[in-house]
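The block underneath contains the structure these notes are about, expressed in structure tokens.
The values are calculated or read from the model by the stated rules, or taken from the named source; none is laboratory data. Note that the coordinates shown come from a computational prediction; the quantities given were computed from them, not determined experimentally. Cβ atoms come from the backbone with ideal geometry, glycine included; neighbour counts cover every protein chain shown. Each accessible area value is taken on the protein alone, full model and side chains, heavy atoms only, with ligands, DNA and RNA left out. Shrake-Rupley method; radii C 1.70, N 1.55, O 1.52, S 1.80 Å.
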Amino acid sequence: MLGEFVSIRGGLVIVSIVIGIFLTFKEPKFGIIAFIILLFMRDGFLLLEFPAVYQMLHLPKVFGILTLISWFIHRKEQPVQLPFQFWLMLLFFIVICLSRGLAGTSPFEAKPPQEFLKFCVLFFLIVNVIGTEKDLREVMWVLIMVSVCMVLYHYYHYKTGWRSIFVVPNFGTLNRNGFAITLASLVPFAYVFLRERRPILIKGLLAFSLFFFIVGIILTYSRGGFLALCIALASLILYDRSKARPIFLVLILSALIIPRLSEKYFNRINTIINYHQDGSAMIRVATNKAALNMVKKHPLFGVGAGNFPYTFFDYTPDDLKKWVEPGINSHNLTLQVASETGIIGLVIFLLLVIKTLIDAMKLRKLCLQHEEFESLAHVASALGIGLFTYFMALQTGQGAYYGYIYIFIPLTVAAKQIFHLSIRSKES
């Protein structure tokens, strides 16, 4: 693995690490940006091209520690921000560990508690480091640019390689359904920035990103991604006071993309209607019914976070067992939380999401009452729609303990804090 560094690619990685460390100590927000880049590029790029970043250097953990140190150095006696959602995160972490312990498995020595703890640390860092609208927008721009680069990387392989983009399930390390849902949740970011007054080159870049987000979603052949895209576009139409603008955008994109869609894609989407004839859909039916049976038998703390794949077959109705085999995970976010952490875990998780969505809506309303905060209102709208899209689409997937939902939530909380701190500063 050390040999990976003795190459042009390895040299670029080393230079990037050195620059990232320097910038992190100069300003802690760059550590958060580095962490997010490593997170978003992990499964679809770096684990394929340069796995040593994670398997040997453990860079996400390293940058998390460095960012925490940098924040402590730069905070200048500023009060520590511990919002309500942060306490919910810690409470959910306790329930995750407790559910595993009560199920007879190690409370902490497993991926769900370990990964979720990282997101708790990231949550703390985001709400304490991202202190201005400029910082917030920079992080959102990073999410857009990293994601469009990922799409272009796989689009290149789609055009030049042997496979259709993400059509092979879990090609390499990337889950195509999860990737499609992530792209759909970033559509509001690109759209909201696009509708603002910007130089023509920036608008062109945003339009390009928006177009390839949608292309990437379609080329995954993901039904969850299609659902997420519909949710995102419908939400944008409701959000924009000028309904003609998003509708016109949808029509333009439809005119460009629909004629190029294959019959295979339409047949794939039609299985939503005739789900009982599709093996992939019936797996979801079977796992969802197994999850409900788990909740009935273990209502308080479930079967333990991360234990669903090892226990669900025993809870699957006999007439559906022909569709599944041991080792499959849940395909519904809400049922994943309910079956693995019980009703207690579900209540905490839903409160975390719903509270943040309400905060986004309230923040938009408050910002629009102050002319100088109009741009922050649009940022809040993008974050809220992105979170809503991601959450709703994951009712066909999983991501309860280490999904990108834990990026959208702290960014929304940070936006709320930025507004209130600005108001207090203005009043004083």
_Heavy-atom accessible area order for D318, D240, D43, largest first, 1.4 Å probe_ = D318, D43, D240
*HN-Hα J couplings of region 208-222 from phi, Karplus 6.51/-1.76/1.60, θ = phi - 60°, integer Hz, Gly and Pro as x?*
4, 4, 4, 4, 6, 4, 5, 4, x, 4, 5, 6, 7, 6, 8
*Among all the aspartates and glutamates, which ones have a C-alpha under 14 Å from K76's C-alpha, if same-chain residues fewer than 8 places away are not counted?*
E27
*Just tell me which lysines come within less than 17 Å, Cα to Cα, of K297; anything on the same chain fewer than 8 places away is out.*
K289
*Which distance in Å, rounded to a whole number, links the C-alpha centroids of region 338-391 and region 32-73?*
26 Å
*How large is log10 I(q)/I(0) at q = 0.11, 0.12, 0.13, 0.20 Å⁻¹ when the Debye formula is applied to the Cα atoms of region 1-137, each weighted equally and without solvent?*
-0.49, -0.58, -0.67, -1.20
*Starting from the exponent 0.38 and prefactor 2.2 Å, build the expected Rg for region 296-376 from its residue count and divide its actual Cα Rg by it.*
1.66
*Which ³J(HN,Hα) values, rounded to whole Hz and listed in residue order, are derived for region 377-382 from phi using the Karplus coefficients 6.51, -1.76 and 1.60 in 6.51 cos²θ - 1.76 cosθ + 1.60 with θ = phi - 60°, glycine and proline given as x?*
4, 5, 4, 4, 5, 4
*How much length, in nm to one decimal, is gained on full extension between L320 and K297, taken as 0.36 nm per residue of separation minus their Cα-Cα distance?*
6.4 nm
*What order do L38, L117 take when sorted by accessible area (1.4 Å probe), most exposed first?*
L117, L38
*Report the extension gain between M56 and M145 in nm, rounded to one decimal, defined as 0.36 nm multiplied by the number of residues separating them, less their alpha carbon distance.*
29.4 nm
*Can you give the longest stretch of the chain with no exposed loop site, where a site means GluC sites (Glu not before Pro) in a DSSP loop (not H, G, I, E or B) with at most 16 other C-beta atoms within 10 Å?*
197-428
*Mind checking the per residue accessible area of the chain for me, 1.4 Å probe, whole number of Å²?*
46 Å²
*Once exposed loop trypsin sites (Lys or Arg not before Pro) are cut out (DSSP; at most 12 other Cβ, 10 Å), longest piece of the chain*: 244-428
*What are the semi-axes of the equivalent ellipsoid of region 78-144, taken as the square roots of 5 times the eigenvalues of the Cα gyration tensor, listed largest first and rounded to whole Å?*
30, 14, 8
*Computed label-point distance, nm, for sites E372 and L238 using a 7 Å Cα→Cβ extension*: 3.3 nm
*Which shape class, rounded, prolate or oblate, goes with region 81-210 when its Cα gyration tensor gives a ≥ b ≥ c as root eigenvalues, a/c under 1.5 marks rounded, and past that a/b bigger than b/c marks prolate?*
oblate
*asked:* Using a Cα-Cα cut-off of under 19 Å, which lysines could be cross-linked to K111, ignoring same-chain neighbours fewer than 8 residues away?
replied: K61
_Over 21 Å between alpha carbons, listed pairs K26/K416; K134/K426; K134/K203; K134/K416_ = K26/K416
*Could you tell me the accessible area of M41 in Å² (1.4 Å probe, neighbours in place), rounded to the nearest ten?*
40 Å²
*Rank by packing, highest mean first: peptides 11-17, 405-411, with packing defined as the count of other Cβ atoms within 10 Å averaged across residues.*
405-411, 11-17
*Starting from the alpha-carbon convex hull of region 305-428, give the projected area averaged over all orientations, in nm².*
8.8 nm²
*May I ask you to derive the relative contact order of the chain, considering only C-alpha pairs under 8 Å and at least 6 residues apart, and to give it as an integer percent?*
19 percent
_C-alpha center-to-center spacing [region 112-167, region 186-255] in angstrom_ = 18 Å
*How far apart, in nm, are the 7 Å Cα→Cβ label points at S16 and A207?*
3.0 nm
*What fraction, in whole percent, of alpha-carbon pairs in the chain exceed 33 Å separation?*
36 percent
*Output ³J(HN,Hα) for region 127-133: one whole-Hz value per residue in order, computed from phi by the Karplus curve 6.51 cos²θ - 1.76 cosθ + 1.60 with θ = phi - 60°, and x for Gly and Pro.*
6, 9, 9, 6, x, 9, 4
